[in-house]
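Here the structure comes first, spelled out in structure tokens, and everything after it is commentary.
Quick note: the coordinates plus some simple rules give every number you see, no bench work behind them. As the structure is a prediction and not an experimental result, all values here were calculated from the model. Note that each Cβ is placed from the backbone with ideal geometry, even for glycine, and that neighbours are counted across all protein chains shown.
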Amino acid sequence: EVLDAGGLVALPGFVDLHTHLREPGREDTETIATGSAAAALGGYTAVFAMANTDPVADNAVVVEHVWRRGREVGLVDVRPVGAVTVGLKGEKLAELGTMARSLAGVRVFSDDGHCVFDPLVMRRALEYTKALGGVVAQHAEEPRLTVGAQAHEGEVAARLGLTGWPAVAEESIVARDCLLAQHVGARLHVCHVSTAGTADVLRWAKNRPAGVAGRMAEAVISAEVTPHHLLLTDERLNGYDPVNKVNPPLRSGGDAEALRRALAEGVIDCVATDHAPHAAQDKDCEWSAARPGMLGLQTALSVVVRTMVETGLLDWRGVARVMSERPAEIAGLPDHGRPIAAGEPANLVLVDPDARWTVRGAELASLATNTPYEGMELPARVVGTVFHGRPTAWDGKVRH
Ligand code: NCD
Ligand code: ZN
Ligand code: ZN
């Protein structure tokens, strides 16, 4: 069978370092099967499944379940992220070595949804993951600085009477963790950067001369930004629609602009979706009761094109870098994020750069429908995804 790919842009398959697949525990909102379908349709060939499941992925049994289920579904490389601490409680390190040596071969560890806020636990996590050749992906939020119903502490929140999550809650913990990673010579990946100040902290940390502190020559700091933080701002909160509630919160227009520039510059390495499906009753409710998070897998490319390509900040080469090459390097996935050698099974995505489409939550492959882009017309469409040499999505349909 020949699939016609005339006029399309070919890119290495996208790699998402930050996906919530909700299995085990919340299969009413997403499963590894439905999340993998959304990933394939979004152009992804690898996704990192976050550890905040129920039970938490803090042991070999859970990570092997996620890994095995991902292989059975077979649409995308599902890589389980291991929890840094037992139960995401931030107290006791989980058995990182056991998870690393399990079939799942875990190398990325995160307490996402909960910051590793005890600096001693973070230091030990960095040293342990370094010994395992892995990386800690930090949910960057100092929880003692965030209060109430979670909106960016700024003009809009003040006008709406929402209490906040100030920029300093993110910036202070990112600064601390960059210093810790450089002290022990470890790898740190900063999740969902959302403020201009965090970009400044990263720029400073990445440009420190080697040898200034501890074993800093061996340290590697990387960071991700979500599509929604590139495009959306806290002005979206005006209608109190909980679809716009997310951790970290949508920030100011100035923050979004600084994030776009930092991504273009390479200060922020890559785009990660933080795809966070939620049940209707957890979104169609009072702002304060709603769960934070939004869908992202099937809209990520289009939002990156809108914010980075249409603005001239990135060309298609740059899109390949931030959606595929850098995340594959950060996570150590050798068969993703690079050109294909002759005869090798490819991981790639074909994109129609001129297509336009209108987002409808009900039409997405996810079980949940909480997209913040409902009804929005977005540029560029994934026409096909090839995973290990086999088409997994073509023309909007999953191919099993
Ligand atoms: C995430 C979730 O729902 O698990 N929510 C979110 O708002 N991003 C957790 C997280 O990424 O912090
Ligand atoms: Zn998080
Ligand atoms: Zn997350």
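Summary of computed values
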| quantity | calculated |
| --- | --- |
| Efficiency of FRET between Thr98 and Arg338 - r from beta-carbon atoms, R0 35 angstrom, step 0.05 | 0.70 |
| Relative exposure of Tyr240, Tyr373, judged by other C-beta atoms within 10 Å (fewest first) | Tyr240, Tyr373 |
| Candidates Gly87, Gly293, Gly343: whichever shows maximal mean-square fluctuation once the chain is modelled as a Gaussian network with Cα springs under 10 Å | Gly343 |
| Residues Val86 and Asp200, FRET efficiency given R0 of 41 Å [Cβ-Cβ distance, rounded to 0.05] | 0.75 |
| Cα lying deepest toward the dipole's positive end in the stretch 242-400, options Leu314, Gly293, Val267, charges on Cβ | Gly293 |
| Selection from Gly42, Thr198, Trp165, by position along the positive dipole direction of the chain (Cβ) | Thr198 |
| The chain, Cα convex hull volume normalised per residue, Å³ | 127 Å³ |
| Counted charge near Arg187, where neighbours are those whose Cβ lies closer than 15 Å (Asp, Glu -1; Lys, Arg +1) | +1 |
| Count of Lys pairs (Cα-Cα under 27 Å; at least 8 positions apart or interchain) in the chain | 6 |
| Total charge dipole magnitude, the chain, about the Cα centre, Cβ charges on Lys, Arg, Asp, Glu only, Debye to nearest 20 | 840 debye |
| The stretch 1-142, dipole about Cα centre (Lys/Arg Cβ +1, Asp/Glu Cβ -1), debye to the nearest 20 | 520 debye |
| Structure-based [θ]222 nm, the chain - -39500 (n - 2.57) summed over DSSP H runs of at least 4, per residue, nearest 500 | -8000 deg cm²/dmol |
| Sorted by Cβ neighbour density within 10 Å, fewest at the top, the residues Cys285, Cys191, Cys178 | Cys285, Cys178, Cys191 |
| Cβ-based net charge around Gly42, under 12 Å, with every Lys or Arg adding one and every Asp or Glu removing one | 0 |
| Separation of the Leu3 and Arg215 label points, Cα + 7 Å toward Cβ, nm | 4.4 nm |
